[in-house]
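Report on the following structure.
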Amino acid sequence: MIVAKNQTFYLETEHTSYVMDILPGGMLRHLYYGSRIGEDSLAYHHLLQERSMSPLMMAGDIPASADTIPQEYPVFGRGDYRSPALMAEGEQGRRIHELTASGFRIVEGAVLPENLPCLDADMDDAATLEISLKDRVTGVEILLYYVVLEKEDVIARHAVIRNATGGPVTLRRAASLAMDFERADFEFLTLSGTWARERHINRRPLAQGVTAAASRRGASGHQLNPFAALVGKHTTESEGEAYGFAFVYSGDFRIEAEVDAYDSTRILVGLNPETFSWRLEPGEEFTTPQVLFTYSDRGLNAMSQSFHSACRRHLGSCARTHGSRPVVVNSWEAVYYDLSEERLKEFIRNCRGLGIDIFVLDDGWFGHRDNDRSSLGDWYVDRKKFPEGLGGIIRCCHENGMKFGIWVEPEMVSKDSELYRSHPDWCIHCSGLEPVESRHQLVLDLSRAEVVDNLFGQLSRLLAENDISYVKWDFNRNLTDNGSAFLAPGRQGEHAHRYMLGAYELMRRLTEAFPLVLFEGCSGGGGRFDFGLLYYMPQIWTSDDSDAIERLKIQYGTSMVYPPAAMTAHVSACPNHQTGRTVPFYVRGAVAQMCHYGYEMDAGRLSETEREQVREQIETHSRIEPLLETGDFYRLENPFEGTLCAWQLVQKDGSQSYVCAVIQRAEPNPRGKYIRLRGLLPEKYYRVQPLGVTLRGDTLMHAGLPVLLPKAEEDNGPRQEEYAAAEFWLACVRRGEEE
Ligand code: DGJ
């Protein structure tokens, strides 16, 4: 709900309030964000004051320092020395601004950022506040949008900057969100790592100065996810405060928290100003990407659940993809580039009867690609490997009860490709310099419409001419040589964003043209795991690290923001190809079960016992899937802190639950462990399998479940006892059936 009274705006969700007002003189002041409160006047709360070494401004007839006023869209040059949200050079070439609020409107439903991924599905209950600001220096107009989602406790913000002046204006900075807190007792929580080690949880205290998470890679990246949270020092999964900010964008970003000398904290979220500028001709507008934020006073898990719900209900493809998703077998770790029609047909026949839904042919099927040095850009089948085209393989899939999926990496080009030979200038490059190669490939300049058109043409032909149900869309390097030979010198700073707009346009056209195809995002594993990509593709290959024990941390960290239903995980062969570790088959299955599921191995190498396990795992997964799609996810035991990792899915009505606990390092003479469940109905009784006991919800949540880890299998090598898993099913029993 949005209420406007006495120049004050109250944005209210089920558990939170966000309050701001317009000061006499027109400055838009931030007043409060936190647990739900009444619609009191909060003017008393902020003490307008004067500070040494900060110039005075007048808020009406009250003298105050701009430097100490909490703001909604701060600017530079008139006494606020903290980082600004906006910097726009007008005709004077100066970067100073003074913004005053010039109006507002409240709109039923959502006002969406055009041509950008955003929350757009099922938005009838949403309400939007639009506040207009005008810059007295340049004449630029700014529209701030706040889309309020009551049930999810999420607010989405974006800004539109309009050049209402008579001459060109160049944006140097255009944040999507700024928010000031009059406190600094926070830790900055980020999801950080690198290739094969994505989204590990990192917490560090804020101190005076700037703490930031950012990317200049042309992709959100493996290293720092476009998300950060401000959390209390004592915040845990179930207790304490957490403010979460997630950017709906897949390219360069910057999220910073700046603590000033008076212990106030400014958070800024937006396009990375280091790699961004944008020239606006008179009358033109620039729209920033959307950022989602939420507040929880019930710990990190409640913050995560708000993001999960907003994503599953409102975010593009995630909201529109209903029902069960296919169990996949992917060729990559099984055969890599060693592809031939005969070999793959054998591979497919070996999957018969296991319950797998789709065979996905990974890298190496096109052009003449025998390794990673050629053919990206040539999206037609290699007839030497597949004399019948893809038809033979697809038929073989159908004969063996599976559909067919395919891998592509549309944004890239190899120097050894027809596409590069015909259009050497289509790659991102800087004239006079050899473009930098990474994984022996170059990036196509998707800021150019003809490049997007060519890729759409090639890929839509591939999808129209073949019965393809699933596309894995990879992106295996980051951008260098930034800029475009086709942009004017004064517009080079637009390239990083224009690249993303081109990539999104290609994704939009393809996903709209082939609505029945399931698209999976991927970027060397999880290098572009963000809400921007999830808008187009409802699931993302979480990491190239398929080792089950490494995946505990990766999946646990990823769930901080993204719902398990957005992650994919496969059981792969052991010794694992990334770590050399051997983990029992059933543990590998248990770890992957919390995500959309599959296998990354040659079924021909499975023992009979393992084949039976595959069938059972797929059966288990079909029971978990409804919880994955609509249930609540709880993190119970933190793999970053102890030997045990545990998580739980609970159906929204509390009637069913699935719990998975994994021991990630054996200890001698081990301690007993009880995991306390969450989200159950306290007074209802649950049958707990395989323990065969019936217990009340409150007993399970407070006394907990003993983790009696089953004895590992006998036939899987000597190190097997190092890792173990236990899975539990809970189902509410009817009154009278408690015994
Ligand atoms: C990186 C992906 O994450 C892998 O799963 C695989 O598809 C390779 N690329 C293929 O080159």
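The values are calculated or read from the model by the stated rules, or taken from the named source; none is laboratory data. From a predicted model like this one, the values you see are computed outputs, not experimental measurements. Please note: Cβ atoms are built from the backbone with ideal geometry, for glycine as well, and neighbour counts cover all protein chains shown.
Contact map, the range 329-355: first residue closer than 10 Å to residue 396 by Cβ and β-branched (Val, Ile, Thr), second residue modelled with pLDDT of 95 or more and within 16 Å of the ligand (Cβ to nearest atom), Cβ cut-off under 6 Å, separation 6 or more or different chains; pairs are 348/359. Within this structure, residue 78 passes the test of being without any contact (Cβ under 8 Å) to a residue 60 or more places away in the chain and surrounded by 13 or more Cβ atoms within 10 Å (Cβ to Cβ).
Only one of the listed residues (53, 87) is more than 37 Å from the chain's Cα centre (by Cα) and either more than 24 Å from residue 139 (Cα to Cα) or part of a strand (DSSP E or B) (or both). That residue is 53. Which condition number in (1) of a type outside the set (Ser, Thr, Tyr); (2) in a loop (DSSP other than H, G, I, E, B); (3) crowded, with 24+ Cβ neighbours inside 10 Å is the one that residue 578 fails? (3) is the only condition that residue 578 fails.
Would you tally the residues in the range 1-31 being assigned to a strand (DSSP E or B) and either closer than 18 Å to residue 128 by Cα or of a type in the set (D, E, K, R) (or both)? Show your work before the answer.
Step one: list which residues in the range 1-31 are assigned to a strand (DSSP E or B), which gives 2-5, 8-12, 16-22, 28-31.
Then keep just the ones that are either closer than 18 Å to residue 128 by Cα or of a type in the set (D, E, K, R) (or both); that gives 2-5, 8-12, 16-22, 28-30.
Result for the range 1-31: 19.
Taking the listed residues 417, 375, the one that is within 12 Å of the ligand (Cβ to nearest atom), within 17 Å of residue 440 (Cβ to Cβ) and more than 28 Å from the chain's Cα centre (by Cα) is 375, with no other qualifying. Under the condition of being assigned to a strand (DSSP E or B) and farther than 18 Å from residue 291 by Cβ, the residues counted in the range 211-246 number 2.
A single entry from 573, 488, 513 fulfils the requirement of being within 16 Å of the ligand (Cβ to nearest atom), more than 23 Å from the chain's Cα centre (by Cα) and either modelled with pLDDT under 95 or among the hydrophobic types (A, V, I, L, M, F, W, C) (or both): 573. In the range 109-139, the residue that is nearest to residue 167 (Cα to Cα) out of those that are in contact with a Gly (Cβ under 7 Å, 6 or more places away or on another chain) and crowded, with 22+ Cβ neighbours inside 10 Å is 138.
Here's a check for you: in the range 521-562, which residue that is surrounded by 24 or more Cβ atoms within 10 Å (Cβ to Cβ) and among the basic types (Lys, Arg) is nearest to the ligand (Cβ to nearest atom)? My answer is 528. The listed residues are 359, 293, 307, and the only one of them that is crowded, with 20+ Cβ neighbours inside 10 Å and assigned to a helix (DSSP H, G or I) turns out to be 307.
A single entry from 457, 493, 432, 527 fulfils the requirement of being assigned by TED's automatic domain parsing to the domain that holds residue 325 and in contact with a helix residue (DSSP H, G or I) (Cβ under 9 Å, 6 or more places away or on another chain): 493. Which residues, taken from the range 328-346, are within 16 Å of the ligand (Cβ to nearest atom), assigned to a helix (DSSP H, G or I) and of a type outside the set (A, V, I, L, M)? 332, 333, listed by residue number. Inspect all residues belonging to the range 501-509 and state whether any of them is buried (at least 21 other Cβ atoms within 10 Å of the Cβ) and over 29 Å from residue 278 (Cβ atoms). Checked against the condition, which is being buried (at least 21 other Cβ atoms within 10 Å of the Cβ) and over 29 Å from residue 278 (Cβ atoms), the range 501-509 yields no hits at all.
Given the structure, is residue 199 in contact (Cβ under 8 Å) with a residue 60 or more places away in the chain, at positive phi and not aromatic (Phe, Trp, Tyr)? Here the answer is yes, as residue 199 does meet what is asked.
Against the definition (in contact with a Gly (Cβ under 9 Å, 6 or more places away or on another chain) and β-branched (Val, Ile, Thr)), how does residue 96 come out, yes or no? For residue 96, the condition - in contact with a Gly (Cβ under 9 Å, 6 or more places away or on another chain) and β-branched (Val, Ile, Thr) - is met. When the residues of the range 588-625 are filtered to those that are among the hydroxyl-bearing types (Ser, Thr, Tyr) and surrounded by 20 or more Cβ atoms within 10 Å (Cβ to Cβ), the one that is farthest from the ligand (Cβ to nearest atom) is 597. Only a single item in (1) under 21 Å from residue 541 (Cβ atoms); (2) within 29 Å of the chain's Cα centre (by Cα); (3) buried (at least 16 other Cβ atoms within 10 Å of the Cβ) is not met by residue 428, and it is number (1). Of the residues that make up the range 681-696, is at least one within 35 Å of the chain's Cα centre (by Cα), within 17 Å of residue 731 (Cα to Cα) and among the small types (Gly, Ala, Ser)? Among the residues of the range 681-696, not one is within 35 Å of the chain's Cα centre (by Cα), within 17 Å of residue 731 (Cα to Cα) and among the small types (Gly, Ala, Ser), which makes the answer no. Can we say residue 14 is free of Cβ contacts under 8 Å to residues at least 40 places away in the same chain and farther than 30 Å from residue 282 by Cα? No; evaluated as a whole, the condition is false for this residue. Among residues belonging to the range 228-277 that are crowded, with 20+ Cβ neighbours inside 10 Å and among the hydroxyl-bearing types (Ser, Thr, Tyr), point out the one that is farthest from residue 193 (Cα to Cα). So the residue we want is 277.
Counting only helices (runs of 4 or more DSSP H) that sit completely within the range 377-490, those holding 2 or more residues that are within 24 Å of residue 504 (Cα to Cα) correspond to 418-422, 449-465.
Go through the range 133-168 and report how many residues are within 18 Å of residue 75 (Cα to Cα), part of a strand (DSSP E or B) and among the hydrophobic types (A, V, I, L, M, F, W, C). Selection size over the range 133-168: 7. Residue under question is residue 324, and the condition is that it be more than 14 Å from the ligand (Cβ to nearest atom), polar (S, T, N, Q) and touching a residue at least 60 places away in the same chain (Cβ under 8 Å); does it hold? When the stated conditions are applied, residue 324 passes them.
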